[in-house]
1. Roughly speaking, what is the centre-to-centre gap between segment 163-197 and segment 20-80 when only Cα atoms are used, to the nearest Å?
2. Output ³J(HN,Hα) for segment 206-221: one whole-Hz value per residue in order, computed from phi by the Karplus curve 6.51 cos²θ - 1.76 cosθ + 1.60 with θ = phi - 60°, and x for Gly and Pro.
3. Using amide H atoms built 1.01 Å from N in the peptide plane, name the residues 5+ places from L164, or on other chains, whose amide H lies under 5 Å from its own.
4. Do you know the relative contact order of the chain, to the nearest whole percent, from alpha carbon pairs under 8 angstrom that are 6+ apart?
5. Which residues make up the longest stretch of the chain clear of trypsin sites (Lys or Arg not before Pro) that lie in a DSSP loop with no more than 12 other Cβ atoms within 10 Å, not counting the sites?
6. Amide H of L201: which non-local residues (sequence gap of 5 or more, or other chain) have their own amide H closer than 5 Å, using H built in the peptide plane?
7. Across segment 11-121, how large is the tail of the calculated P(r) beyond 24 Å, expressed as a percent of all Cα pairs?
8. Given the peptides 187-196, 120-129, arrange them by the average over their residues of other C-beta atoms within 10 Å, most packed first.
Amino acid sequence: MLSYSEFGDIPATTDTPALIIVHGLYGSGRNWGVIAKRLSDSRRVITVDMRNHGTSPRMPSQSYPDMAQDLADLITHLNIPVDVCGHSMGGKAAMVLALTHPQLLRRLIIADIAPIAYGHTQQMYIDAMRKVDLSAITRRSDAETQLAEQGVDRALQSFFTQSLDVPGKAWRLNLDVLEAEMPKIIGWPAGISGHFDGPTLFLSGGASDYVRPEHRPTIKALFPAARFAKLPGAGHWLHAEKPREFEAAARIFLDA
C-alpha cells in the first residue's frame, strides 16, 4: 500500500471529509507538508507518496489505472469519507480514480492538468538528476548546486532535492521506471469512460498553458460539474509558487 502521512485530528465525516493530497511527477507527500498542516486546522489531511516516489513501493508500472487503483486501495483501507486534490501526474491519477471509483470520493481538486495526452516530456529532469554525483553530496544544497550547473530552475532544484536521501546518497525516485513509463505519464489512458458528477475544481496557474480553453469540452464531458479558476502569476507548480493563494482557493471550494 502507498506510504502516507496524516495531519490534524479532526474526525472525517460526510460533511467534512478528509482531504487526500496526491503529488505530481518527481514529488512526494513532503512537498505538500506546509499546505497540509495549514489545511488541517479544519479537516483531516492525508498526503501520499505515489508508487516509485518517496517511501512507497517500487513497481514496474506507472500507468494511471494502476495509480488510481493504489489510491482506491488506500481510501478503502482508511474507510473514511474523502475529498481528493491532485497536482499534475497526481491530478491525472485522481481523475482516473474519480472516473473509475466515483463512489469513493466527494469533491475533487485538479491542479494544473487536463485529461489529455501532452506532447512534451519530462525526460530532461531525469537526465539532470542522474548526472548529480551523489557520492560527493553531504547536504541537499550540494545537489542543488549541481542541478543549477545543468540549468535547472532554482525552484525546481529545491523541489527535486526534497526527494533526495542525503545519508543514503540516493534518490527516493525510481528513475528507471519513470523513464520507461514516461509515454504513459505524459499521456492519457485509452478506454477510460464514464463521468464524475461530483463538484470538481480545475485550478490552474495563470502563467501556465497546461489547461487551455480548447480542453474544456473534454473536461466537461468527463466532469459535468467542473469549475475553472486560475492563480494569477503562478506557473505549473502553482502550489509551490503561490501556496497561500492555493490554500485559500482550496478552502473556498472544499467548504462550499
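Throughout, read-outs are computed from the coordinates displayed, never taken from laboratory work. Since the model is a prediction, treat every value here as computed from it, not as a measurement. FYI the Cβ positions are ideal-geometry reconstructions off the backbone, even for glycines, and counts take in every protein chain you see.
1. 12
2. Rounded to whole hertz, the list is x, 9, 9, 10, 6, 10, 10, x, 6, 7, 5, x, 5, 4, 5, 5.
3. Those lying under 5 Å, H to H, from L164 are R172.
4. Numbers: 489 pairs, mean separation 49.5, N = 256.
The value is 19 percent.
5. Values: sites that count: R58, R139.
The reported range is 140-256.
6. Amide H neighbours of L201, under 5 Å, 5+ apart: L108, I109, I110, R227.
7. On the way: 1098 of 6105 pairs.
Tail fraction, whole percent: 18.
8. Numbers: 187-196: 12.8, 120-129: 15.4.
In descending order of packing, they fall as 120-129, 187-196.
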